[in-house]
Number of protein chains: 2
Amino acid sequence: MSRDICIYQEFLTEAHKDRIRETARRTGFTPHFFDLEQFDEAADCLQHCEVLYAHSPELLRKAPAALKWYCCSFAGVDPYCKDPGLFANPDCMLTNSNVYGVTIAEHVVMVTLMLLRRMPEYEEIVRLHSWSNQLSIRSIRDNEFTILGTGDIGRHVAERMRGMGAAKIVGLSRSGKPHPAFDQVYPISALDDVLPQTKILVMALPGTAETVHILNRERIALLPADAYVINVGRGTALDQKALADALNSGKLAGAALDVMDPEPLPQDDPLWDARNLIITPHVSGNMTLGYTCDENVARFCADLENYAAGRPLAGLVDRTRGY
Amino acid sequence: MSRDICIYQEFLTEAHKDRIRETARRTGFTPHFFDLEQFDEAADCLQHCEVLYAHSPELLRKAPAALKWYCCSFAGVDPYCKDPGLFANPDCMLTNSNVYGVTIAEHVVMVTLMLLRRMPEYEEIVRLHSWSNQLSIRSIRDNEFTILGTGDIGRHVAERMRGMGAAKIVGLSRSGKPHPAFDQVYPISALDDVLPQTKILVMALPGTAETVHILNRERIALLPADAYVINVGRGTALDQKALADALNSGKLAGAALDVMDPEPLPQDDPLWDARNLIITPHVSGNMTLGYTCDENVARFCADLENYAAGRPLAGLVDRTRGY
């Protein structure tokens, strides 16, 4: 009996496809490749497949009960965990791709420096062809970071800030389990105690029921007025209206949001024009970076070998936990 | 006989002054502090001083032949080397303050990431409240850097890029002397061979006769069309008109200039509006960062101890070489 894999991705190069073909051949599988325009063809093929490599809740909804493994090429799998009805086979394994740490951490370093070095204000000065240049700035060196989420993304951020001389890096996670990238890791329940001492808050949390508005209006008010907030996890994790109010009233020094709720952010949302806010349209983890795409394929192939050999999958998600 | 120091600086806090007073007391000196508005008072006091700590060619011009050491709080001492007539005492020692590596390197990391991650274009998209987000980006990880100038600034840049996973870091210096921060260091004479292989060119050169227009029109043409140029040294080091032409015609992917020629850049200079050019008004090495100011005072005090003991000064500049 043929063991088939349905692959529905837009980012694969010929080299990526060759690598998948070679791994599939070696492990006894046949891969079938579809572009995003070929939804119907992919859905037809999927009917006799046991593995799907994609990032499409719509396509997953078409999968038969025989589907045993859905490899999602994204890191955030909230759409799949919130709606268990998506899986015709309740025991279908879900894996995600934790390969976005490098690119998202580079984004965080960039916006951190843009905030500390007053780039929103300097860009306005430059737009006016002016030469004012005495704004007080701060440095990553000797600075302190509070990172909400100690997973792949949080760790890559911590390593880079450490490399640039950060004095202290505190992590917060559900378990509070220590990790060498952080000076200390606290459980999320300690958040209210940590916020008043926070200088730069980096939010890299998955989208789960527990993380919705975890940074609410009351917690934003706990941050010092010279603190910065950076969110690269999920837009739902903070109260956008409260953040904009804090920025516009000078109760927060600045913020950088790569994720919003909803996305796209509506054209007339007042958030666009909040003071000292750097907005990017959910680009920090884009698959427009070669490294991210290469790693994505490499992780899928490694887990395909695990799957074929009956070993546990490295990227396995706990669907009840949500990550 | 009283041994006097004239100090003419705007950035000193009371803690800085206390530190200087304490070092001076211990080494047998009396410091006299002046704000920038007190030029005439500083010039009067200077007549009986043997040391001047400032960054003012105008004040230095008022110094008597008895001045033995001018400690310049800036790194770039081109104004003092180009005009030897500034020194009434031809044997007066000149030191500079190589304390700007941290802040300038953080600036370079910031603009490098802004260029690689297409921020000039994304900022325009965000200005229109739009949500387009599929621009192809690049990463510091696995990337290659060519750093013109292997001094304090070039080394701090190299260390940070290394820490973020750069694959190769080549330096160029007058001597070509190896340094552990770089995979290879070539003499400046190899520049024409290095430019065609360059992905990201960081220029951190002092302003000397040899560095004027070192990146001229012909050399800009040697760079690949997908290369980036970053200049944090002196504006005179590149041909601005040729750089703008290359950017506007798509022969260069982008650039970031923190230094210009002249400064301020005239309001109607076409450089302001060159394509994919990030302009900042000479802020990368500003003394608006506490760390830079603290280090500046620490280096002055350390050299004051050297001076008092008759030891060589750590920051001594070769006035004929220019750095």
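If we scan region A:123-134, do we find a residue that is hydrophobic (A, V, I, L, M, F, W, C), assigned to a helix (DSSP H, G or I), within 14 Å of another protein chain (Cβ to nearest Cβ) and surrounded by 14 or more Cβ atoms within 10 Å (Cβ to Cβ)? Reasoning before the result, please.
Narrowing region A:123-134 to residues hydrophobic (A, V, I, L, M, F, W, C): A:125-126, A:128, A:131.
Retained after the next criterion (residues that are assigned to a helix (DSSP H, G or I)): A:125-126.
Pick out the ones that are also within 14 Å of another protein chain (Cβ to nearest Cβ) and you get A:125-126.
From the residues that got through so far, the ones that are surrounded by 14 or more Cβ atoms within 10 Å (Cβ to Cβ) too are A:125-126.
So far as region A:123-134 goes, yes, one or more of its residues are hydrophobic (A, V, I, L, M, F, W, C), assigned to a helix (DSSP H, G or I), within 14 Å of another protein chain (Cβ to nearest Cβ) and surrounded by 14 or more Cβ atoms within 10 Å (Cβ to Cβ).
When you go through (1) aliphatic (A, V, I, L, M); (2) away from chain B (no Cβ under 14 Å); (3) under 22 Å from the mean Cα position of the chain (by Cα) one by one for A:Leu265, which number turns out not to apply?
Of (1) aliphatic (A, V, I, L, M); (2) away from chain B (no Cβ under 14 Å); (3) under 22 Å from the mean Cα position of the chain (by Cα), only one is false for A:Leu265: (2).
Take region A:196-236 and flag every residue that is surrounded by 20 or more Cβ atoms within 10 Å (Cβ to Cβ) and small (Gly, Ala, Ser).
A:Ala204, A:Gly207, A:Ala227, A:Gly233 - these are the residues of region A:196-236 that are surrounded by 20 or more Cβ atoms within 10 Å (Cβ to Cβ) and small (Gly, Ala, Ser).
Listed residues A:Asp40, A:Asp4; which is loosely packed, with under 12 Cβ neighbours inside 10 Å, more than 21 Å from A:Ala298 (Cβ to Cβ), over 27 Å from the mean Cα position of the chain (by Cα) and of a type in the set (D, E, K, R)? Don't jump to the end; show me each part of the working.
Working: A:Asp4 fails: loosely packed, with under 12 Cβ neighbours inside 10 Å.
Matching residue, one of A:Asp40, A:Asp4: A:Asp40.
With the condition kept exactly as written, say whether any residue in region A:150-160 is buried (at least 19 other Cβ atoms within 10 Å of the Cβ), in contact with a strand residue (DSSP E or B) (Cβ under 7 Å, 6 or more places away or on another chain) and within 17 Å of A:Pro224 (Cβ to Cβ).
Among the residues of region A:150-160, not one is buried (at least 19 other Cβ atoms within 10 Å of the Cβ), in contact with a strand residue (DSSP E or B) (Cβ under 7 Å, 6 or more places away or on another chain) and within 17 Å of A:Pro224 (Cβ to Cβ), which makes the answer no.
Out of B:Arg26, B:Arg118, B:Arg61, I need the residue that is among the charged types (D, E, K, R) and within 14 Å of another protein chain (Cβ to nearest Cβ). Which one?
B:Arg118
Are any of the residues in region B:103-111 touching a Lys or Arg at 6+ places or on another chain (Cβ under 9 Å), at negative phi and open to solvent by 30 Å² or more (accessible area, probe 1.4 Å)?
Our first condition is that a residue be touching a Lys or Arg at 6+ places or on another chain (Cβ under 9 Å); within region B:103-111, this holds for B:103, B:105-110.
Within this subset, residues satisfying the condition of being at negative phi are B:103, B:105-110.
Among the residues that remain, those that are also open to solvent by 30 Å² or more (accessible area, probe 1.4 Å) are: none.
Looking for residues that are touching a Lys or Arg at 6+ places or on another chain (Cβ under 9 Å), at negative phi and open to solvent by 30 Å² or more (accessible area, probe 1.4 Å), one finds none in region B:103-111, hence no.
All but one of (1) in contact with a helix residue (DSSP H, G or I) (Cβ under 9 Å, 6 or more places away or on another chain); (2) in a loop (DSSP other than H, G, I, E, B); (3) open to solvent by less than 60 Å² (accessible area, probe 1.4 Å) hold for A:Trp272, so report the exception by its number.
(2)
Given (1) at the interface with chain B (Cβ under 7 Å from one of its Cβ atoms); (2) among the acidic types (Asp, Glu); (3) more than 30 Å from B:Asp273 (Cβ to Cβ), where does A:Glu144 come up short, assuming only one miss?
The one condition A:Glu144 does not meet is (1).
Quick check, is B:Leu86 surrounded by fewer than 24 Cβ atoms within 10 Å (Cβ to Cβ) and more than 9 Å from every other protein chain (Cβ to nearest Cβ)? Before the answer, list the steps.
Numbers: surrounded by fewer than 24 Cβ atoms within 10 Å (Cβ to Cβ): yes; more than 9 Å from every other protein chain (Cβ to nearest Cβ): yes.
Yes: the conditions hold for B:Leu86.
Name every residue in region A:97-115 that is among the hydrophobic types (A, V, I, L, M, F, W, C) and more than 7 Å from chain B (Cβ to nearest Cβ), in order of residue number.
Initially, region A:97-115 is screened for residues among the hydrophobic types (A, V, I, L, M, F, W, C), giving A:99, A:102, A:104-105, A:108-111, A:113-115.
If the condition is that a residue be among the hydrophobic types (A, V, I, L, M, F, W, C) and more than 7 Å from chain B (Cβ to nearest Cβ), then A:Val99, A:Ile104, A:Ala105, A:Val108, A:Val111, A:Leu115 are the ones that fit.
Starting from region B:125-145, keep only residues that are of a type in the set (Phe, Trp, Tyr), then list their pairs with residues that are open to solvent by 60 Å² or more (accessible area, probe 1.4 Å) whose Cβ atoms are within a distance under 7 Å, requiring at least 6 positions of separation or different chains.
Here the result reads B:Trp131/A:Pro264, each pair linking region B:125-145 to a residue that is open to solvent by 60 Å² or more (accessible area, probe 1.4 Å).
Looking at the structure I just gave you, is B:Asp239 closer than 21 Å to B:Leu148 by Cα, at the interface with another protein chain (Cβ under 10 Å from one of its Cβ atoms), surrounded by 16 or more Cβ atoms within 10 Å (Cβ to Cβ) and acidic (Asp, Glu)? Lay out the reasoning, then the answer.
Working: closer than 21 Å to B:Leu148 by Cα: yes; at the interface with another protein chain (Cβ under 10 Å from one of its Cβ atoms): no; surrounded by 16 or more Cβ atoms within 10 Å (Cβ to Cβ): yes; acidic (Asp, Glu): yes.
No; evaluated as a whole, the condition is false for this residue.
Just give me the residues in region A:161-183 being more than 12 Å from chain B (Cβ to nearest Cβ) and either open to solvent by less than 20 Å² (accessible area, probe 1.4 Å) or on the phi > 0 side of the Ramachandran plot (or both), in sequence order.
Pass one, region A:161-183, residues more than 12 Å from chain B (Cβ to nearest Cβ): A:168-183.
Scanning region A:161-183 gives A:Ile169, A:Val170, A:Gly171, A:Leu172, A:Ser173, A:Gly176, A:Ala181, A:Phe182.
Going through B:Leu304, B:Leu289, B:Leu271 one at a time, which residue ends up being within 11 Å of chain A (Cβ to nearest Cβ) and over 17 Å from B:His107 (Cβ atoms)?
Step by step, each of B:Leu304, B:Leu289, B:Leu271 is checked, and only B:Leu271 is within 11 Å of chain A (Cβ to nearest Cβ) and over 17 Å from B:His107 (Cβ atoms).
Return the residues of region A:135-173 that are part of a helix (DSSP H, G or I) and β-branched (Val, Ile, Thr); say none if nothing qualifies. Explain how you work it out, then say what you get.
Pass one, region A:135-173, residues part of a helix (DSSP H, G or I): A:152-163.
Across region A:135-173, the qualifying residues are A:Ile153, A:Val157.
Given the conditions (1) at pLDDT 95 or above; (2) within 28 Å of B:Val297 (Cα to Cα); (3) more than 10 Å from chain A (Cβ to nearest Cβ); (4) open to solvent by 30 Å² or more (accessible area, probe 1.4 Å), which single one is not true for B:Asp193?
It is condition (2) that B:Asp193 fails.
Quick grid of which residues meet (1) in contact with a Ser or Thr (Cβ under 7 Å, 6 or more places away or on another chain); (2) under 30 Å from B:Pro31 (Cβ atoms); (3) of a type outside the set (Phe, Trp, Tyr):
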position	(1), (2), (3)
B:Leu222	no, no, yes
B:Val229	no, no, yes
B:Ala237	yes, no, yes
B:Glu305	yes, yes, yes
B:Ala308	yes, yes, yes
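The values are calculated or read from the model by the stated rules, or taken from the named source; none is laboratory data. Quick caveat, the model's predicted, so the values are computed rather than measured. Methodologically, a virtual Cβ is constructed for each residue, glycine included, from the backbone with ideal geometry; neighbour enumeration extends over all protein chains shown. Each accessible area value is taken on the protein alone, full model and side chains, heavy atoms only, with ligands, DNA and RNA left out. Shrake-Rupley method; radii C 1.70, N 1.55, O 1.52, S 1.80 Å.
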